[in-house]
Amino acid sequence: MLTTSAGLRAGEKVLVVIDEGTRSVGEAFLTAAKGLGTDPALLEIRARTTDGEEPPEPVGTAMAAADLVLLATTYSLTHTHARRSANRAGARVISMPGIEEGMLRQGGLATDWAKIHEVVRRTARRLRGAREVHLTSAAGTDLSFSLEGRDWISEDTGLCTRKGTVTTLPAGELFIAVVEGSASGRLVVDVHFEERLRGPATAQIADGTASRIVGAQAAVDAMNRGGKDGRALGRFGFGLNPHARVMGPHLEAEKAVGSAHLGFGDNLVIGGKIHPGVRVECILSEVRVEVDSRAVIEKGRLVE
């Protein structure tokens, strides 16, 4: 990860940010960075209570002074002012929210990021100008929605070798803002719906809005905090990382080939129009993704 994803060079200033739940992961990165000829620093913060909560101000200052920042924290610091400021100052930032020690041994992190970069960008070029998606799954999903006028986000490739860039790891997802009000059909979620599921959860979607949600109370509670727009389907993505495990942590599962990732609520930052202040995500396995009547994902593989 340090040599291929980060392109780490001897003598660079490296900062590893952790919390009490990710200390062993941070120490592993610290040891590896030392072995590559750097003199890295490790900063431990109190675990944040939600994604996007700012780190302490001195940590933000340290991030902006580094060449490479590794955010190995329980909750995501990706969408924080501290991260943006660090990038503007020229730091390369790799964010790994929810990372667990086992992920360093196997799964979506153990991959060739140059290959992931190429397949994500190649697939995005192929799907440029896409208008309609038909999503089905082995569990029973049958959902259609429009992408007309929207652009694919293809930066989730895992490469972070240029000054001022950022990536999340594990990487390998292509995603896009869904046209508001266009989705209709049945959604059956079998992996994650705001939390890891023990059994399938279902929802009916009409005019872009989810209703009759069964089996996902945490998701319902989160959606309700955003009112009607909290139930609006705003985001769609699918995994392209062949090493990611669909039954791994949810930030790895959404990158797995054969999985799909749907988001309800906020999609403003990826080119949509919804901003209710909540974002509720779900992950489906064994999906078939059909774009403009052509299969793109089928039987756990990318169709090219």
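The values are calculated or read from the model by the stated rules, or taken from the named source; none is laboratory data. Keep in mind that this is a model prediction, so the values were computed, not measured. Glycine also receives a Cβ, built like all others from the backbone with ideal geometry; neighbour counts cover every protein chain displayed. To get the accessible areas, we keep the full protein, side chains included, count just its heavy atoms, and leave off ligands, DNA and RNA. Shrake-Rupley method; radii C 1.70, N 1.55, O 1.52, S 1.80 Å.
Which residues, taken from the range 51-82, are modelled with pLDDT under 95 and out of contact with any Ser or Thr (no Cβ under 7 Å at 6 or more places or on another chain)?
E53, H79, T80, H81
Looking only at residues that are of a type in the set (D, E, K, R) and modelled with pLDDT under 95 in the range 235-254, which one is surrounded by the most Cβ atoms within 10 Å (Cβ to Cβ)?
Taking the range 235-254 first, the residues of a type in the set (D, E, K, R) are 235, 245, 252, 254.
Within this subset, residues satisfying the condition of being modelled with pLDDT under 95 are 245, 252, 254.
Numbers: R245: 17, E252: 27, E254: 31.
Selected residue: E254.
Yes/no per residue for (1) of a type in the set (D, E); (2) more than 14 Å from V16 (Cα to Cα); (3) free of Cβ contacts under 8 Å to residues at least 40 places away in the same chain:
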residue: G37; (1), (2), (3): no, yes, yes
residue: A41; (1), (2), (3): no, no, yes
residue: E44; (1), (2), (3): yes, no, yes
residue: E53; (1), (2), (3): yes, yes, yes
residue: P58; (1), (2), (3): no, no, yes
residue: M63; (1), (2), (3): no, no, no
residue: L71; (1), (2), (3): no, no, no
residue: T80; (1), (2), (3): no, yes, yes
residue: R83; (1), (2), (3): no, no, no
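Give the range 260-280 a look and list any residue that's within 15 Å of L174 (Cα to Cα) and either surrounded by 20 or more Cβ atoms within 10 Å (Cβ to Cβ) or modelled with pLDDT of 95 or more (or both), or say none.
Matches in the range 260-280: A260, H261, L262, G263, N267.
Could you please find all residues in the range 82-105 being more than 18 Å from the chain's Cα centre (by Cα) and either at positive phi or open to solvent by 50 Å² or more (accessible area, probe 1.4 Å) (or both)?
Result: R88, A89, G90, E101, R105.
Please count how many residues of the range 107-140 are free of Cβ contacts under 8 Å to residues at least 40 places away in the same chain, closer than 19 Å to G300 by Cα and outside any helix (DSSP H, G or I).
Qualifying residue count, the range 107-140: 0.
Within the range 62-81, how many residues are open to solvent by 10 Å² or more (accessible area, probe 1.4 Å), touching a strand residue (DSSP E or B) at 6+ places or on another chain (Cβ under 9 Å) and not in a loop (DSSP other than H, G, I, E, B)?
1
Filter the range 16-61 for residues that are of a type in the set (K, R), out of contact with any strand residue (DSSP E or B) (no Cβ under 8 Å at 6 or more places or on another chain) and crowded, with 16+ Cβ neighbours inside 10 Å and give the result. Step through it out loud before you land on a result.
Looking only at the range 16-61, we keep the residues that are of a type in the set (K, R), and these are 23, 34, 46, 48.
From what's left, out of contact with any strand residue (DSSP E or B) (no Cβ under 8 Å at 6 or more places or on another chain): 34.
Listed by number, the list is empty, since nothing qualifies.
Look at V25 and say whether it is touching a residue at least 60 places away in the same chain (Cβ under 8 Å), of a type in the set (V, I, T) and farther than 23 Å from G164 by Cα.
On the way: touching a residue at least 60 places away in the same chain (Cβ under 8 Å): yes; of a type in the set (V, I, T): yes; farther than 23 Å from G164 by Cα: yes.
It is true that V25 is touching a residue at least 60 places away in the same chain (Cβ under 8 Å), of a type in the set (V, I, T) and farther than 23 Å from G164 by Cα.
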